[in-house]
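What follows is a set of notes on a single structure, which appears directly below.
The values are calculated or read from the model by the stated rules, or taken from the named source; none is laboratory data. Bear in mind that the values here come from a model prediction, so they are computed numbers and not experimental data. When we count neighbours, we look across all protein chains shown, and the Cβ atoms used for this are built from the backbone with ideal geometry, even at glycine.
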C-alpha cells in the first residue's frame, strides 16, 4: 500500500512551480491562483492513492489538466473573442483574426483526443522537447511525434 502524501509539504515545496504553470497557461493571475488551489485540492482528495516519487511531474501534469479544463470551460461559457485562452497562441493583428483562430483551434481540438491537446501545449507553448513531452504523458517519443504530426496535418488541410 502506498504511503499517504503530505499535501502541505508538497504545497510549500512545489506551490510556486504550480502557480507559474497556471499563470503561463491561463494568463490571468486571479484564475491562476484558483487553479493552483484546485490542483492541491485534487491532490488532497487523492492523497492516499497518489505516489509522490515524481511529485513535480505529477503536479505539473495535474496543473496542466486543470488549466486546460478551465480554458475549455471558459470557451464553452461565452462566445466572446477574448474568452478562448488558446487563441492567444495564434493572435494576429488583422481584424477578425482572433475569432478565426479560436474557431480553428476549437474545430481542430474536437477532432483529437484531449491527451493530444496536452501534448501540443507542452511542446508548442511550453517548448518542451518530444522526449520531455513523452515522459510527462507516459508515452513513447514516436507516439508523441505521430500524434503531433496528425495534428499538424489537420492544420495544413
For this session: Mind counting the residues in region 10-44 that are over 23 Å from residue 74 (Cβ atoms) and out of contact with any helix residue (DSSP H, G or I) (no Cβ under 9 Å at 6 or more places or on another chain)?
Result: 2
Exercise. Restricting region 23-34 to residues that are in a helix (DSSP H, G or I) and surrounded by fewer than 17 Cβ atoms within 10 Å (Cβ to Cβ), which is nearest to the chain's Cα centre (by Cα)?
Worked result: 24
Exercise. Of the residues 12, 20, which single one is assigned to a helix (DSSP H, G or I), more than 18 Å from the chain's Cα centre (by Cα) and either surrounded by fewer than 17 Cβ atoms within 10 Å (Cβ to Cβ) or modelled with pLDDT under 90 (or both)?
Worked result: 12
Exercise. How many of the residues in region 35-61 are free of Cβ contacts under 8 Å to residues at least 24 places away in the same chain and in a helix (DSSP H, G or I)?
Worked result: 6
For this session: With the condition kept exactly as written, say whether any residue in region 47-60 is in contact with a helix residue (DSSP H, G or I) (Cβ under 9 Å, 6 or more places away or on another chain) and modelled with pLDDT of 90 or more.
Result: yes
For this session: Starting from region 122-138, keep only residues that are farther than 17 Å from residue 24 by Cβ, then list their pairs with residues that are surrounded by fewer than 16 Cβ atoms within 10 Å (Cβ to Cβ) and modelled with pLDDT under 85 whose Cβ atoms are within a distance under 6 Å, requiring at least 6 positions of separation or different chains.
Result: none
Problem set entry | Where residue 53 falls short, out of the listed (1) under 22 Å from residue 137 (Cβ atoms); (2) surrounded by 13 or more Cβ atoms within 10 Å (Cβ to Cβ) | (2)
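Farther than 20 Å from residue 74 by Cβ, at pLDDT 70 or above and surrounded by 18 or more Cβ atoms within 10 Å (Cβ to Cβ), is that true of residue 120?
no
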Problem set entry | Breaking point among (1) out of contact with any helix residue (DSSP H, G or I) (no Cβ under 7 Å at 6 or more places or on another chain); (2) modelled with pLDDT under 85; (3) assigned to a loop (DSSP other than H, G, I, E, B), for residue 76 | (3)
